[in-house]
1. For the chain, what does -39500 (n - 2.57) per DSSP helix run (n ≥ 4), summed and divided by total residues, give at 222 nm, in deg cm²/dmol to the nearest 500?
2. What accessible area per residue, rounded to a whole number of Å², is obtained for the stretch 182-282 using a probe radius of 1.4 Å?
3. Antiparallel as a % of all DSSP beta bridges within the stretch 119-245, to the nearest 5?
4. In what sequence, largest accessible area first, do THR255, THR227, THR28 appear using a 1.4 Å probe?
5. Per 5 Å bin, what percent of the C-alpha pairs of the stretch 109-210 does each bin hold, from zero upward?
6. Counting only Cα atoms, I'd like the Rg/Rh figure for the stretch 135-281, Kirkwood definition for Rh.
7. What ranking of TYR214, TYR160 comes out by heavy-atom accessible area, probe 1.4 Å, highest first?
8. In percent, what relative contact order does the chain have, based on Cα pairs under 8 Å that are 6 or more apart in sequence?
Amino acid sequence: MPAAAFESLTVDAEGLPLHVRQRGPQGTPAVLFLHGWLDHSHGFDPLCEHLPGSWRTVLLDFRGMGQSGHAGPGAAYHLSDHLLDVEATLDGLALPAVHLVGHSLGGIVALAYAAARPERVLSLTLIESLGPSGGPAAGALQRLRGFLDDSRRPPNRKRYPTVEAAAERLRQANPTLSPDAALLFARHGTRRTSEGDFAFTFDPRHRRRFGQGYDEAQWLALEAAVTCPVQLLRGTDGLSPAPELLEARLAALRTLAAPPRFFEGGHHVHLEQPAAIADAIAAFVAGASAGPATEASSS
């Protein structure tokens, strides 16, 4: 029997409309998926085909991405704003607590939200994600200068003659992205303009550099505050911090359920191995739903 279709909803984030897709509103457990930078919720579609139909599955488009509203004139996008997106989604759907699954940026947001709101996160699955790249303290001044320089440049929304051309541009930026995955992102992440060509729906201001970021000590403190079970899923050819940085970040996660699991693929491994990643998520969520979190033996 085919899985039920997703319904599109809008939730309010202090006046900013956020696009949410939901399947199985009466189902359990509730699992919220958070996408990566400049992506959108449809990036989880192949994965969702292999998830239990009994779940309440929720997919969010972050502000300024997908079909969600863009920040107003003069505003910028910060990591903390995306935590507001998560909270607005939970409040708007009357969800007291959820299992969070995040890819890349979505994983960073999920981890930070789990630290700030431990009572609202039942488990945490991070796909190709273990924190931001804050860099050394010596880079703080250049980061601030970069933010000011970028704010002077008008947003540039590039146009493409076809959806396929937009997909090819995605593959140029991320060569590990398969043709099918790139076309999926372009098909759901572009809009036809009044001139008849296509432009991506994300706000070009997302490309501006941040003026501030977490240093490593601050990020490790956030990781240490996470109390729910955590699993880390990585691609064999995905992104990875330097070995010493990775070791410290893994050690800071007191409730990491097991060592990171590797799957054949790159940074978008959930699109390359949707069935295997879905099985890993389903088993982990089932285990986390069965009982309270237990801290790793190294804590």
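1. On the way: 10 runs with 104 residues, N = 299.
The per-residue figure over the chain is -10500 deg cm²/dmol.
2. Value for the stretch 182-282: 47 Å² per residue.
3. Taking every DSSP beta bridge within the stretch 119-245, about 50 percent pair in antiparallel fashion.
4. Values: THR255 5, THR227 70, THR28 100 Å².
Reading off the accessible areas and sorting them downward yields THR28, THR227, THR255.
5. 2, 11, 13, 13, 15, 17, 16, 10, 3, 0
6. Radius of gyration relative to Kirkwood radius: 1.03.
7. Details: TYR214 90, TYR160 30 Å².
Highest to lowest solvent-accessible surface, that is TYR214, TYR160.
8. Here the relative contact order equals 19 percent.
The values are calculated or read from the model by the stated rules, or taken from the named source; none is laboratory data. For clarity, every value in this text was computed on a predicted model and none was experimentally measured. In this analysis, Cβ positions are derived from the backbone assuming ideal geometry, glycine residues included, and neighbour counts consider all displayed protein chains. Note: accessible area is taken over every heavy atom of the protein model, side chains too, but ligands, DNA and RNA are not part of it. Shrake-Rupley method; radii C 1.70, N 1.55, O 1.52, S 1.80 Å.
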